[in-house]
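Only one structure is covered here, and it is reproduced in the block below.
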Ligand code: DQA
């Protein structure tokens, strides 16, 4: 089973960025945890991060033909990007949306996701465990 993980804008700054919201976990910590978890689940992972909307659209297109599923944290583009939503809607594989923070407990503008209606589901508010939970969800979805 192959899963593409896509991290959106500003997630490269995790660890330094708004630690009161995101804690001290870094993107490397998340990726290392995912690698370890994927190994136990028999999942092959590819991971990438971009601050650019177009690069994220390209990464969704590029996953076609390789990925059985995708885990995406679209970060701020969650709340703004029709282009990312259309790319997810066009993808043939299931997509799970994740957020470290509970977006519904934050500012009103974070309560709307352009991605959620075209994703299989959304996991929000569990810190780096949001990604771990998504990996387990993906395994269940792909194997069902
Ligand atoms: C985030 C939540 C978004 O609202 C925010 O723009 C982010 C991170 C999260 O993981 O909690 O950059 O996606």
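The values are calculated or read from the model by the stated rules, or taken from the named source; none is laboratory data. Quick caveat, the model's predicted, so the values are computed rather than measured. Methodologically, a virtual Cβ is constructed for each residue, glycine included, from the backbone with ideal geometry; neighbour enumeration extends over all protein chains shown.
The table below lists the values:
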item	result
Qualifying residue in the range 72-89 (condition: modelled with pLDDT of 95 or more, more than 10 Å from the ligand (Cβ to nearest atom) and under 11 Å from the mean Cα position of the chain (by Cα))	no
Filter result (part of a loop (DSSP other than H, G, I, E, B), farther than 17 Å from residue 133 by Cβ and either touching a strand residue (DSSP E or B) at 6+ places or on another chain (Cβ under 8 Å) or near the ligand (Cβ under 9 Å from one of its atoms) (or both)) within the range 94-112	106, 107
Breaking point among (1) within 15 Å of the ligand (Cβ to nearest atom); (2) in contact with a helix residue (DSSP H, G or I) (Cβ under 7 Å, 6 or more places away or on another chain), for residue 120	(1)
Residue within the range 28-39 that is at positive phi, out of contact with any helix residue (DSSP H, G or I) (no Cβ under 6 Å at 6 or more places or on another chain), surrounded by fewer than 17 Cβ atoms within 10 Å (Cβ to Cβ) and touching a residue at least 24 places away in the same chain (Cβ under 8 Å) present	no
Candidate set from the range 43-92 (those that are out of contact with any helix residue (DSSP H, G or I) (no Cβ under 7 Å at 6 or more places or on another chain) and in contact (Cβ under 8 Å) with a residue 60 or more places away in the chain); member that is surrounded by the fewest Cβ atoms within 10 Å (Cβ to Cβ)	66
Test: residue 60 is over 20 Å from residue 124 (Cα atoms), within 12 Å of the chain's Cα centre (by Cα) and modelled with pLDDT of 95 or more	yes
